[in-house]
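Working notes, beginning with the structure itself.
The values are calculated or read from the model by the stated rules, or taken from the named source; none is laboratory data. Remember, predicted model here, so these are calculated numbers, not experimental data. For neighbour counting, all protein chains shown are included, and Cβ atoms are generated from backbone atoms with ideal geometry for every residue, glycine included. The area values use the complete protein model at the heavy-atom level, side chains included, leaving out ligands, DNA and RNA. Shrake-Rupley method; radii C 1.70, N 1.55, O 1.52, S 1.80 Å.
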Amino acid sequence: MPIRWGLISTVMVLATASAWGGPAETEGLKVQLISDTDGVQPGRPLLVGLHFEMQKHWHIYWRNPGDSGEPPRVRWKLPAGFQAGDIQWPAPERLGSGSVIDYGYQGSVLLPVEIQTPSTTLAAGGSITLSAEVSWLVCKDTCVPGKADLTLTLSVRRAPGPVPASHRLFQEAGSRLPKPMPPAWRAEATSESGFFGLTILGAGLAKASFFPLEAGQIDHAAPQTATTLPGGLRLTLRKSDQLARTPGRLDGILKLGPGRAYAVSAPVRALPEPSTNP
Amino acid sequence: MKKLGSWAALVVAAALVVPAWAARVGEKAPEFTATDSNGVKHTLSGYAGKPVVLEWHNNGCPFVRKQYDSGNMQKLQKEWTARGVVWLTVVSSAPGKQGYVTPDEENAYVQRMNAAPTAVLLDPGGQLGHLYDAKTSPHMFIINPSGTLIYNGAIDDQPTPDPASVAGATNYVSRALAEAMAGKPVSVPTSRPYGCSVKYAD
């Protein structure tokens, strides 16, 4: 059943199944391009998003998918003067078991994207169409790649208002985005033999897990041992077998619980390797 | 002070439980014994003096199908075995999981796909997969003639199941083998393996 979003005049989809109309629906998921507001205001940023609704037990992937899988990708075709920002990635979940651990989303997720709009070339009363060529990998026990051309047509308005059904999704997605670390907190890391020590100094830290932005730095499947320090926390992160050289920083997000995730960028200090003499 | 001391002890304890590398480039590749689809046993030490490629495989995985349906993997197998490389395809899917094959099914697949590995090692218990910590299909390893691991990672630089990506890809395995055979250091010795998760037993 196609969902109509407020005053959006048309929602057209070319799914992999060549079905036209409504959200793209393939094995494992449904995806739709939605807007926070019922129109576009010339010169003001427009918030749109890719709303993925997975079937039970299926998942898609975070920007760093972990050990397997691939993140969704989007290629925009926009009217002149429009410019799309990067996907804003909500904090993921740790998925999988045993020696293969992935980072991604189950249930549903909205990936917001902010679009800059021109102030001069848009006339009130007209309309514009955004096109997104979206590809993804959705997995359960097995994986299915998918692709869809999603479009969204919006009226040009002087004062667009929120579309209630989608505005709620954007607010929820916003609360799942990692926040900047509080200014009083500090993050630093050491590179040691076989592992990184990631120290976060800040109030109220007891349990946390680290999700690296880059693959190939830490072993995703290894348990992250947390040690409480005076005024903070230290995580032991086993190095990846694919780690070629020590990175200058460990960038990622620190997840403290549902809705509590912080962006972390920790400078890495190399500690001397222990002597291997007998 | 006392508090700090006990914290240091804890950190040391945490460090000790970090296990040794599974298969780290620059170190000796783990020795193994495995049985192929014709019932023949293979050991890594039995191939001392030759370069060995390990290719993790799952015939239902879209990332593997990209390589096989395009004929790219078969081409690599033919090219490199003709140059003296031992190419071992490994299937670590557990019974009931995607990619699990009986010996007969695997032999029929090899024939149908015109594949040309030296042998296909059947690893339904996942022992070889866990020994090398194979994460994905494909996941590629290269061992040099003296038994040292010289590559651990992806097949190429195109982490997508899109068959159109094969044509313009930089193949890390071919490049590493060519460099190693020319006596040069491997310029990209590790990369993030990409693909489907290896379908180990639960």
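Using all pairs of distinct alpha-carbon atoms, the Kirkwood hydrodynamic radius of segment B:56-98 works out to 11.4 angstrom. Percent of Cα pairs in chain B per distance bin of 10 Å, from zero to the largest separation: 9, 35, 35, 12, 6, 3, 1. Note on segment B:127-199: Kirkwood hydrodynamic radius from all Cα pairs is 12.9 Å, rounded to one decimal. Residues in chain A average 45 Å² of solvent-accessible surface per residue, probe 1.4 Å, ligands and nucleic acids excluded. Taking the protein heavy atoms of segment A:177-272 in the context of the full set of protein chains, the accessible area attributed to carbon and sulfur is 56 percent at 1.4 Å. Screening chain B for whole DSSP H helices with an alpha carbon extent of at least 20 angstrom along the helix axis and a mean Kyte-Doolittle hydropathy of at least -0.5 yields B:2-17. Accessible surface buried by the B/A pair amounts to about 2700 Å², both sides summed, 1.4 Å probe. So which residue, out of A:142, A:236, A:199, gets the largest mean-square fluctuation from a GNM of chain A using Cα contacts under 10 Å as springs? For chain A, modelled as a Gaussian network with Cα springs under 10 Å, the answer is A:142.
Amide H contacts of residue A:249 (H built 1.01 Å from N, in plane; Pro and chain starts excluded): A:268 sit under 5 Å, all sequence-distant by 5 or more or on other chains. Converting phi to 3J(HN,Hα) with the Karplus coefficients 6.51, -1.76 and 1.60 and the offset θ = phi - 60°, segment A:45-50 yields x, 10, 9, 10, x, 9 Hz in sequence order, with x at every glycine or proline.
Stretching the chain fully between residue A:44 and residue A:199 yields a gain of 51.8 nm (0.36 nm per residue, less the alpha carbon separation). Compute accessible area for segment A:88-104 by itself and then with all protein chains, 1.4 Å probe, and report residues whose area falls by 10 Å² or more. Listed by number, the residues meeting the 10 Å² cut-off are A:99, A:100. Amide H of residue A:40: which non-local residues (sequence gap of 5 or more, or other chain) have their own amide H closer than 5 Å, using H built in the peptide plane? Answer set, sorted by chain and number: A:155, A:156, A:157. Treating chain A as a set of equal point scatterers at the Cα positions, no solvent, please give the Debye-formula log₁₀ I(q)/I(0) at q = 0.10, 0.12 Å⁻¹. Cα-only, vacuum Debye calculation for chain A: -0.61, -0.82. Distant-in-sequence amide contacts of residue B:195, defined by a placed amide H-H separation under 5 Å and a gap of 5 or more residues or a different chain, comprise A:69.
The mean sequence distance of close C-alpha pairs (under 8 Å, at least 6 residues apart), as a share of the length of segment A:30-128, puts its relative contact order at 37 percent. The orientation-averaged projection of the convex hull spanning the C-alpha atoms of the protein assembly as shown amounts to 26.5 square nanometres.
The ellipsoid that matches the Cα gyration tensor of segment A:28-182 has semi-axes, each √(5λ) in whole angstrom, of 31, 16, 13, with the longest given first.
Here the Gaussian network model covers chain A, with springs between Cα atoms less than 10 Å apart; of A:100, A:264, A:138, A:100 fluctuates the most. Computed with a 1.4 Å probe over protein heavy atoms only, the accessible surface of chain B comes to 43 Å² per residue. Computed from phi, the 3J(HN,Hα) profile of segment B:134-146 under the Karplus parametrisation 6.51, -1.76, 1.60 (θ = phi - 60°) reads 5, 9, 10, 10, x, 9, 10, 10, 10, 10, 7, x, 9 Hz, with x in place of Gly and Pro. The spacing between segment A:163-216 and segment A:53-82, judged by their C-alpha centroids, is 20 Å.
Rolling a 1.4 Å probe over the protein heavy atoms of segment B:152-202, with every protein chain left in place, gives an accessible area that is 55 percent carbon and sulfur. Only Cα pairs under 8 Å and 6+ residues apart enter the sum, and on that basis the relative contact order of chain B stands at 27 percent.
Of all lysines in the structure, those lying under 25 Å Cα to Cα from residue B:66, and not within fewer than 8 positions of it along the same chain, are A:30, A:140, A:147, B:75, B:78, B:97, B:135, B:199.
Gyration tensor analysis over the Cα atoms of segment A:120-179 returns equivalent ellipsoid semi-axes of 30, 19, 10 Å (largest first, whole Å).
Taking each residue as 0.36 nm, the span from residue B:165 to residue B:69 lengthens on full extension beyond its C-alpha to C-alpha distance by 33.3 nm. Based on DSSP loop calls and a cut-off of at most 11 other Cβ atoms within 10 Å, the longest stretch of chain A free of exposed trypsin sites (Lys or Arg not before Pro) is what? Looking at chain A, A:57-157 is the longest stretch - no exposed trypsin sites (Lys or Arg not before Pro) with at most 11 other Cβ atoms within 10 Å. The string of couplings for segment B:122-129 from the Karplus curve (6.51, -1.76, 1.60, θ = phi - 60°) is 9, 10, x, x, x, 4, 5, x Hz, one whole number per residue in order, with x for Gly and Pro. Dividing the summed helix terms, -39500 (n - 2.57) for each DSSP H run of n ≥ 4, by the number of residues in chain A produces a 222 nm estimate of -1500 deg cm²/dmol to the nearest 500. Average projection, convex hull of the Cα set of segment A:93-241: 13.5 square nanometres. When chain A is treated as a Gaussian network with alpha carbon springs shorter than 10 Å, the biggest mean-square fluctuation among A:36, A:67, A:241 belongs to A:241.
Between A:152, B:183, B:130, the Cα set farthest toward the positive side of the dipole of the protein assembly as shown (charges on each charged residue's Cβ, about the Cα centre) is that of A:152.
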